[in-house]
Amino acid sequence: MESLIGLLLAPPLLGAAVLLLGGRRLDRVGHWIGTALAATSFAVAVVLFADLLGRDAGDRTLTQHLYSWIPVGGFQADIAFRLDQLSMTFVLLITSVGTLIHLYSVGYMEHDERRRRFFGYLNLFLAAMLLLVLADNYLLLYVGWEGVGLASFLLIGFWQHKPSAATAAKKAFVVNRVGDIGLAIAILVMFTTFGTFAFGEVLPAAAEGGATETTMTLIGLMLLLAACGKSAQVPLQSWLGDAMEGPTPVSALIHAATMVTAGVYLIVRSGAIFEAAPDAQTAVIVVGAVTLIFGAIVGCAKDDIKKALAGSTMSQIGYMMLAAGLGPIGFVFAIMHLVTHGFFKAGLFLGAGSVMHGMNDEVDMRRYGGLRRYMPVTFVTFGLGYLAIIGFPYLSGFFSKDEIIYAAFGRGGAQGWILGGVTLLGAGLTAYYMTRIMILTFFGEKRWQPDAAGNEPHPHESPRTMTIPMIVLAVGSVFAGFLFNLNHAFVDWLSPVTGIAEGDSPVSHLTVSIAATTVMLIGVAIAWLQYGRRPVPDHAPTGRWVTRAARRDLLQDDFNHAAFVLPGNYLTRGLVYVDHKLVDGVVNGTAAAFGGLSGRLRRVQNGYARSYAVSMFGGAALLIAVTLLMRAV
Amino acid sequence: MSPVIHPYTAAPALLTQAQERLEAPQIEWVALSPTLIVLGAAAIGILVEAFAPQRGRYLTQLLLSVLGIAAAFAAVVGLAASGYATTRAEIAGMGSIAVDGPTLFLQGVLLLVGLVSLFLFAERRLEPAEHGRAVDSFTAQAAAVPGGPAEREAVKAGRTTTEIFPLLLFALGGMLIFPAANDLLVLFIALEVFSLPLYLLCALARRRRLLSQEAAVKYFLLGAFASAFLLFGIALLYGYAGTLDYAGIADVVAGSPAALDAGLASTMGNDVYLLIGGALLMMGLLFKVGAVPFHMWTPDVYQGAPTPVTGFMAAATKVAAFGALLRLLYVVLPGMRWDWEPVLWGVAIASMVAGAVIAITQTDVKRLLAYSSIAHAGFILTGVLAVSEDGVSSVLFYLAAYSFVTLGAFAVVTLVRDAGGEATHLSKWAGLGRRSPLLAGVFSLFLLAFAGIPLTSGFTGKFAVFRAAAESGAIGLVIVGVLASAVAAFFYIRVIVLMFFSDPQESGPSVVIPSPMTTSVVGLAAVVTLVLGIAPQYFLDLAQQAAVFAFR
């Protein structure tokens, strides 16, 4: 069975190579090749999952050691995979949602002449993401981490003829770079401290106090920085909204269901490190809580349907991050929410894509309205996803979110009350912004407008390749939570890897559920009062300062501009001054010196055999002289 | 032990005695089979030249050479599989040839390099056909005066120099012996056996024949000069030790001399002879690897020689010569380590720095690669200076990695052509990436490997040699190496920038579509470069297992 692990990665990797190198002759079948290979990977995942289920709970870790990369001296970088319950969960999520979104893209990208390349990138992403979660050491994880970053960059900027897409890709790249440096530093510190990269050695050593708390805190904070970059958490959240410039399937797969959750994976996987560094753990919780509210507020104000959903993604990952920061009380529920969120958010994005597909790529919700009659399948599947995310009782979001709220109270004391309050508030905001999206898109009267070319929209249901994935994901959004909670199935499955602890909650499970449902209903009601009862203006009213700020992503870019770009500019200007006056002299001097040296040395090479012979003779004499001299002294 | 007979002092009576005791030498046919097969094929190749009709020679020679090299490679693999490289070693040929790990590893690499070069030699689709016949990169008739009537006649008659195949095989045969030589005389003979065919091959370019002949003459003159130094060093060492056998000399160096030879009483055991002899010997080998200050021939010869020959020479000579240098330093002269180490430090640093710095201002691709090879000689010397088993294995790996990158790079150079033949001036390469992205991409891969960027074989090799050197305390050398790598990266990447980010020239060169032979060479080199960068473990293990020299 171990040898199957590599087989998970092989199909998408092969697909990426074939599709990207294959050239135009593959244009007609490329998308089906890509989809088939993603499905193959999913099939292998199912086989492995069945095998793991057949084993004892304590015996569900498979490792496959392929080879060592440059095993010289004490440096050991293994190309090795580790499949345990945690990575298996991710593998199933990635391959299943991945396959569905491949299928969806067949229809969605039908009219794009670069469709083959798109599928090549998607396969590349799958391979990198699988590598990320299957790696058995931090170095290999880093390879996958950079790989998904690359795929994300390529896909956000896929429509590179649009300047906005090119800029968004660049922004995602630059912001992610900040996080990646954090991961690099964390890995370097880890290696110098423990002398290894392997999970199997670093984590036990961390748990046994193999390093001082300061070191562990440093590693933890650096890992958190990395997670913030990849998962779009405050303060590195600014790229996610712009990333919606990419094709919608990309937003669904990479920027909702899988890649952006890699940060949560990193934190949960490194649980032992955070357990040994309470300060870093607190930082994780703070980041999660802040982002939870931040993303929700942004989501409330956006009129662009994808950007509103992006704000929601940010906020939901904030939930996961917060849960991951709680330690063993929250690990399992962070992952559970991650999985259910993967289903309903991917479904919501696909629904949004389907709407855009029918509306001439219009994204402004103020120009939708009344679409439920024209796109019934999209309406129903989107609606089920909507009910799941707001935590409607007995749908998947209800289970996973309530568990996180309960775990937040379980932190105990004042912190418990604050975190519990924040998560409850978040639940209300979620209900509000999701209801707003729902009403603006599918209810009310038509506010359609012709696009820039003057074409009237003719909304229609999307083709079969697009609706099937939406239906499957909707079914998942409805039942996943219930199935997970049947006999504590999910908790029992995951807890051997992540550990589990009962929190110290001042309130009972039932109270939490009632409170969350109440808050949710309030949110829905407010949204309905605002948008359902009154006609929606097709241009956004000016609004109060909060709304205006939220529309500008709570001034994140203004903040970055003021905090980093301006000082950066001044710094550069200063440096340029110093550079001109001081460094240039040195640098140009060095360059000139090398150039001059090169030119002068070159002149020795005059082409005459006789002078070459003389130089050899001189060299030989020098050699002998030095040898004799060394003996003499 | 009977006293060693010295011809100048021995009495006639003793001589007859000696002759009576002379026995037929015992030859270990199996252990020596790789070399014997290659030399045998070369000899048959000469017969083919003499007796086969002109028309069929090309194909016959090509097949013969491929079969010969493949059979020799199979023999190497067979020897290694029967444990020669790891569990047992043999000093064959009356103590003159060592069949051990390093020998077999390097012979394997050399044979592969030879095979790959053979395909470049045999390529006949690059030059435009002359008088309806496909021609290769070699002159129609070497003996004809360039541009003279004899040459025109030869071209008209459709002559081709099929002698290149036996010449290649002879050179290869000598190279196979060179790193295996366990006796100074065998070392010298092997040196000449592989050098002489190379001098000839350098002179055989079809285009720019004068440049090619000039290169050959220079190479020959300077090579002869270096050989003389080497021979002088051998003589001095013989005077010092009274024997030419590696193990015997090592014994004397280590302070346990064999019985004193009356005829050498004045010199034996005198360290001055050892020091001067050792230095001259090293110089002879450093000339072959192209290390500073014995590097002057490299750029001129690399530029003038036909490009397939340059590729072969650049890759194979380095492998063979570094093999011999390793054996000399690790088997014969470990006792005078403290004497040669500082000297080689200087040579390594000078090579790395001078190679990298001078390459900056080069404008010709082949000369650029020549200076890069000088810098790489310095990097490899860094591994040699580790003086440890890790050092040996890292050098073995580096040589294997480097030779394939080099062959690939020169193979690409043969493809970029304009009306005047190969367009080697760098300015003509501007914008190549826009016209032939695939070719420029592969060439960039080779350049990145030269620069030592991770995930290419160049990085693995450099990492291994620097690591080995650092672990044995040669930190200073490693620092210089890393700095020189940084300087070198500049000019490698400059070429990439030139290819991809400059506008193509109006009358720029075009990329010729070659036969599958050159295509497969380029492809193989690219694959090896990537595999040795991404998954090098197997090959590192192989080098590790092969890193023990047989001593006796």
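Annotations
- Whole-Å distance, taken between Cα centres, linking the stretch A:471-535 and the stretch B:209-284: 85
- Per-bin percent of Cα-Cα distances, the stretch A:301-417 [10 Å]: 14, 39, 28, 14, 5, 0
- Residues of the stretch B:525-552 with amide N under 15 Å of a point placed 7 Å along Cα→Cβ from B:Thr86: B:538-548
- Ellipsoid equivalent to chain A - semi-axes via the Cα gyration tensor, in Å: 47, 31, 27
- GluC sites (Glu not before Pro), loop per DSSP, at most 11 other Cβ atoms within 10 Å - longest free stretch of chain A: A:209-444
- Amide H partners (placed H, <5 Å) of B:Val387, local residues excluded: none
- Inter-part distance, the stretch A:610-633 to the stretch A:560-574, computed on C-alpha centroids, equals 57 Å.
- Whole-Hz couplings from phi, Karplus 6.51/-1.76/1.60, listed for the stretch A:620-633; x for Gly and Pro: 4, 4, 4, 4, 5, 4, 5, 4, 5, 5, 4, 5, 5, 8
- Compared with the direct C-alpha span, the chain from A:Glu2 to A:Ala57 gains 18.1 nm at full extension, assuming 0.36 nm per residue.
- Plainly put, the stretch A:284-541 has a radius of gyration that is 1.00 times its Kirkwood radius, both from alpha-carbon atoms, as the Rg/Rh ratio.
- Counting Lys and Arg as +1 and Asp and Glu as -1 over every other residue whose Cβ lies under 14 Å from the Cβ of B:Ala320, the net charge comes to +2.
- Using distinct alpha-carbon pairs, which all enter the 1/r mean, Kirkwood radius of chain B in Å: 24.0
- Calculated FRET efficiency for the pair A:Val174/A:Val578, C-beta based, R₀ 25 Å, to 0.05: 0.55
- Histogram of C-alpha separations across the stretch B:320-436, 10 Å bin width, %: 12, 35, 28, 16, 7, 1
- Taken one residue at a time, the phi angles of the stretch A:207-220 give Karplus couplings (6.51, -1.76, 1.60, θ = phi - 60°) of 5, 8, x, x, 8, 5, 5, 4, 4, 4, 5, 4, 4, x Hz. Gly and Pro are set to x.
- FRET E, pair B:Asp418, A:Phe594, Förster distance 25 Å, beta-carbon r, rounded to 0.05: 0.20
- Vicinal HN-Hα couplings computed from phi for the stretch A:321-330 (Karplus, 6.51 cos²θ - 1.76 cosθ + 1.60; Hz; Gly/Pro x): 4, 4, 4, 5, x, 6, x, x, 5, x
- Placed amide H near B:Ala205: partners under 5 Å, 5+ positions off or other chain: B:Thr139
- Percent of C-alpha pairs per 10 Å bin in the protein assembly as shown, short distances first: 2, 9, 16, 18, 16, 13, 11, 8, 5, 2, 1, 0, 0.
- Taking amide H as placed 1.01 Å from N in the peptide plane, B:Ile97 has its amide H under 5 Å from the amide H of B:Ala92, B:Asn182, each at least 5 places away in sequence or on another chain.
- Sparsely packed trypsin sites (Lys or Arg not before Pro) within the stretch A:22-85, loop by DSSP, other Cβ within 10 Å at most 14: A:Arg28, A:Arg55
- Using the Cα coordinates of the stretch A:1-120, the gyration tensor eigenvalues translate into equivalent-ellipsoid semi-axes of 31, 20, 10 Å, sorted from longest to shortest.
- If the chain linking A:Ile181 and A:Leu14 were pulled fully straight, counting 0.36 nm for each residue of separation and taking away their Cα-Cα distance, it would gain 57.2 nm.
- FRET efficiency for the B:Gln505 to B:Leu438 pair, using the beta carbon distance and R₀ = 25 Å, is estimated at 0.80.
- Kyte-Doolittle mean at least -0.5, axial Cα span of 24 Å or more - DSSP H helices of chain B: B:33-51, B:54-81, B:101-122, B:184-202, B:209-241, B:271-289, B:337-359, B:365-384, B:389-415, B:475-501, B:516-534
- Label-reachable residues, the stretch A:352-376, where backbone N falls under 14 Å from a point 7 Å from A:Lys446's Cα toward its Cβ: A:359-360, A:367-375
- With at most 12 neighbouring Cβ atoms within 10 Å, loop chymotrypsin sites (Phe, Trp or Tyr not before Pro) (DSSP) excluded, longest segment of chain B: B:30-552
- Projected label distance in nm at B:Ala43 and A:Leu628, using a 7 Å step from Cα toward the beta-carbon: 4.5
- Set A:Lys307/A:Lys345; A:Lys171/B:Lys462; B:Lys428/B:Lys462; A:Lys170/A:Lys401 screened for pairs whose C-alpha atoms are more than 23 Å apart: A:Lys171/B:Lys462; B:Lys428/B:Lys462; A:Lys170/A:Lys401
The numbers here are math on the coordinates, done by the rules we state, and not lab data. On a predicted model such as this, the values are computed, not experimentally measured, just so you know. Cβ coordinates were reconstructed from backbone atoms using ideal geometry, including for glycine residues, and neighbour counts include every protein chain displayed.
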